[in-house]
Amino acid sequence: MPLHPQVKNLLDQMAGAPPRHSLPVAEARRLALSVVPLAGESEVIAHTFDRALPGPTEAQSIPVRFYYPRNAPAGPLPALVYFHGGGWTIGSIETLDPICRALANGAGCVVMSVGYRLAPEHKFPAAVEDAYAATAWLAANAAEVGVDPTRLAVGGDSSGGNLAAVVALLARDKAGPALVFQMLVYPITAYHTPGTASYQENAEGYYLTRADMVWFWQNYLNHPDEGQNPLASPLLAEDLSNLPPALLIITEFDPLRDEGEAYAARLQAAGVPVTLTRYDGMIHNFFRLGGVIEAGQTAIAECCGALRERFSVGFQ
């Protein structure tokens, strides 16, 4: 299928911009913030607040932002722990603010957005440690923030999808916290895989490039050998059984397409209920571009529907 006209229009407007991987990290982070308005108008929610959670070490805390939905049923609410994308390098709580608002309202749940430590200042496994610590904190302190600890999900886009998948693995292996769902939006599941067809077909010209992914992995890992660790590459985990049901969203014009499909296939083979949705004509990051690409809104609605089903949430 050809590029969707809305996608082509956006890419044409972006033509000539310096490659992301050629920029200093600080400039790449500023550029990521400039894309936020393309998500569309931010939804009004019941309320939101920021908090610092205890980190893996006494000297470090984890910033999080809580989002509470409008028109939610009474009582403790289910919760989605969300990890932003950005190659573990350039994302932030702010870059996902409009998306977390839409997810909270659409799914009728609390969303806790996690500001995990970023590379290259903090390399693997810092992001993993923060992601798991934040999830475990929410499970242990659910009543304090109005959350039902029996209805917890994890989710994220791109590198955030990677962290969500890894947290699900850790939660299984550490016997908690119990998770009911994992929402993985074009997740990174394996260390730079240039041998896949999608890495070759979509190496450049479609927003996320092969060179970007090489740069992200170089920023994230201390050494290439760490790419073989399942906590960096969940596709390489020996056992994917007994994980929570999953929704995987992938796009046609994305270097990560094939590893997302492969992860869905392995989950299914391990007996994990999986829904795999491929958005043809779309590029990486479309999920966050709903203000200019309508399919982004469709994907958010799909995620909200899947979350509502797993949470069994009713609306007033």
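Just so it is clear, none of the values below were taken in a lab; they were calculated from the coordinates. Quick caveat, the model's predicted, so the values are computed rather than measured. Heads up, the Cβs are rebuilt from the backbone with ideal geometry, glycines too, and the neighbour counts pull from every protein chain shown.
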Open item on the list: Just to be sure I understand the model, the point goes 7 Å from the Cα along the line to the Cβ. What's the resulting Ala143 to Leu31 distance in nm?
Closed with: 4.9
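Provide the gained length on full extension for the span Ala74 to Phe49, in nm with one decimal, where the gain is 0.36 nm per separating residue minus the Cα-Cα distance.
7.0 nm
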TODO: Return the long-range amide H neighbours of Thr89 (sequence gap of 5 or more, or a different chain), with a cut-off of under 5 Å between placed amide H atoms.
DONE: Ala119
Open item on the list: Need one word for the chain: rounded, prolate or oblate. Basis is the Cα gyration tensor (sqrt eigenvalues a ≥ b ≥ c); a/c below 1.5 gives rounded, then a/b vs b/c decides.
Closed with: rounded
Open item on the list: Quick one: 3J(HN,Hα) in Hz for region 117-130, Karplus 6.51/-1.76/1.60 with θ = phi - 60°, rounded, Gly and Pro as x.
Closed with: 5, 9, 8, x, 4, 10, 8, 3, x, 4, 4, 5, 4, 5
Task: Built amide H within the under 5 Å cut-off of Leu276, gap 5+ - done: Leu248
Task: Magnitude of the charge dipole, the chain, Cβ model with Lys/Arg +1 and Asp/Glu -1, debye to 20 - done: 480
TODO: Could you run the Karplus curve 6.51 cos²θ - 1.76 cosθ + 1.60 with θ = phi - 60° over region 231-245 and give me ³J(HN,Hα) per residue in whole Hz, x for Gly and Pro?
DONE: 6, 9, 10, x, 4, 8, 4, 5, 10, 10, 7, 6, 9, x, x
Task: Candidates Leu38, Leu138, Leu240: whichever shows maximal mean-square fluctuation once the chain is modelled as a Gaussian network with Cα springs under 10 Å - done: Leu38
Task: Alpha-carbon centroids, region 178-220 and region 101-169: separation in whole Å - done: 20
Open item on the list: Please list, by residue number, everything in region 256-298 whose backbone N is under 17 Å from a paramagnetic label point 7 Å out along Cα→Cβ of Met1.
Closed with: 256-258, 261, 276-290, 293-298
- [ ] State the answer as a single residue: which of Gly91, Trp215, Tyr186 lies farthest towards the positive end of the charge dipole of region 83-231, with beta carbon charges of +1 for Lys and Arg and -1 for Asp and Glu, about the Cα centre.
- [x] Tyr186
